[in-house]
1. Among the candidates Thr66, Thr95, Thr71, Thr44, single out the residue that is among the β-branched types (Val, Ile, Thr) and out of contact with any strand residue (DSSP E or B) (no Cβ under 8 Å at 6 or more places or on another chain).
2. Out of (1) out of contact with any strand residue (DSSP E or B) (no Cβ under 9 Å at 6 or more places or on another chain); (2) within 23 Å of Ala129 (Cβ to Cβ), the odd one out for Arg100 is which?
3. Tell me, please, whether a residue that is aliphatic (A, V, I, L, M) and either within 16 Å of the chain's Cα centre (by Cα) or at pLDDT below 95 (or both) can be found in region 230-237.
4. Would you point out the residue of region 179-208, among those that are among the basic types (Lys, Arg) and under 23 Å from Val246 (Cα atoms), that is modelled with the lowest pLDDT?
5. Suppose we keep only residues that are charged (D, E, K, R) and assigned to a loop (DSSP other than H, G, I, E, B) within region 48-95. Which one would you say is farthest from Gly226 (Cα to Cα)?
6. Which of (1) part of a loop (DSSP other than H, G, I, E, B); (2) on the phi < 0 side of the Ramachandran plot is the odd one out, the single condition Gly204 does not satisfy?
7. Going through region 60-83 one residue at a time, which ones are modelled with pLDDT of 95 or more and of a type in the set (A, V, I, L, M)?
Amino acid sequence: MMESDEDTDSDELVIADQRTETNTLVLMLNELVNRCRPLPDNATLLVLGAGFSGSRIAALARSLGTRVLTTCRLPDDGDNDQNLRFDSQLGRIPTAEQLRGVTHLISTIAPERDGQDPVLRCLGDQLQAMPLEWVGYLSTTGVYGDRQGGWVSENDQPTPTQERSKRRLACEQTWLASNLPVQILRLPGIYGPGRSPFQAIRRGEIRPIDKPNHVFSRVHVEDVAGACIHLIDRASHGQRPTVVNVCDDLPAAPADVQRFASELMGLSLPASRSFNEAFESMSPMARSFWAENRRVRNTLLCDELGYQLLHPNYRQGMRDCWEQEGLNPRESTSTAA
């Protein structure tokens, strides 16, 4: 499943089977805060698209003491002046006065259907006039295309096969040609509390698919937030590679993730079915995800730039979701006491 256009952080397979809103936005931030260096005292971070990942990035930055502005298509009436309206289709954009003082920017907003980037189309002139020190564009590892299970790094040339990934690559190139201090963050499937398989398993909606040697890379949403803040800090010290993959250490088959989640719950999954059997009932979107097979390296992020993953593999990440979604009976008992 994919996120909506405004919330799309990645065009890859999102490890999610339900979209129940949770109250876990600020949970587990303490450990991330302890790991991350705050932005400069005079910094203001603008997060364009405060969806699943954008809201976590904003929450982490605020916990570090940074002034943060966010955007969404239709802010609630009770929202403060730090949550701004941005609707590229209707031409509703923040004013220069509202964006005054912004020094750092992260865009999570997906390309338009014609391949244009809505942020640059609507706000390009304003961005050029702003004192931006760092700009992060959240893209997708889908731009690498199908590698038949092989490893890819930032040194590999993009060879997208899906139209959505081609649009992402076009937007990457437009951002890089903007003369802004841009860094491209390529993300695989994003999961986290509220976007995990647990509720779907409980409802009996998951039947694993077995396709030998076919894997997906993934990343926990908290590591998306942590990596963004870490990369801002590294850039301020002269380390700003143009492209960085943000993913965990362990590409794995979806069935492995689902089985591990079911074990945490003490439940059994139905017998798996072969990919060929499942293919007949798949949506075109699902078929497109399964058409590509690659393993994404995070050597640049973790070894060269020094980011320490909070959730280095799906096992640790699923345990975190299990705790934060309140599904662990031991945790619930402890909290109630």
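1. Result of the check over Thr66, Thr95, Thr71, Thr44: Thr95.
2. Against the list (1) out of contact with any strand residue (DSSP E or B) (no Cβ under 9 Å at 6 or more places or on another chain); (2) within 23 Å of Ala129 (Cβ to Cβ), Arg100 comes up short only on (1).
3. Narrowing region 230-237 to residues aliphatic (A, V, I, L, M): 231-232, 235.
Then drop every residue that is not either within 16 Å of the chain's Cα centre (by Cα) or at pLDDT below 95 (or both), which leaves 231.
For region 230-237, residues aliphatic (A, V, I, L, M) and either within 16 Å of the chain's Cα centre (by Cα) or at pLDDT below 95 (or both): present.
4. Of the residues in region 179-208, the ones among the basic types (Lys, Arg) are 186, 195, 202-203, 207.
Next cut, under 23 Å from Val246 (Cα atoms) only: 186, 195.
Details: Arg186: 98, Arg195: 95.
Result: Arg195.
5. My answer is Asp77.
6. (2) is the only condition that Gly204 fails.
7. Correct list: Leu60, Ala61, Leu64, Val68, Leu69.
Table: residues versus (1) in contact with a Lys or Arg (Cβ under 8 Å, 6 or more places away or on another chain); (2) more than 23 Å from Leu120 (Cα to Cα); (3) not basic (Lys, Arg).
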{"position": "Thr140", "(1), (2), (3)": "yes, no, yes"}
{"position": "Pro160", "(1), (2), (3)": "yes, no, yes"}
{"position": "Glu205", "(1), (2), (3)": "no, yes, yes"}
{"position": "His214", "(1), (2), (3)": "no, yes, yes"}
{"position": "Ser217", "(1), (2), (3)": "yes, yes, yes"}
{"position": "Ile232", "(1), (2), (3)": "no, no, yes"}
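The values are calculated or read from the model by the stated rules, or taken from the named source; none is laboratory data. Here the structure is a predicted model, which is why all the values come from computation and not from measurement. All Cβ positions, even for glycine, are placed from backbone atoms using ideal geometry, and neighbour counts span all protein chains on display.
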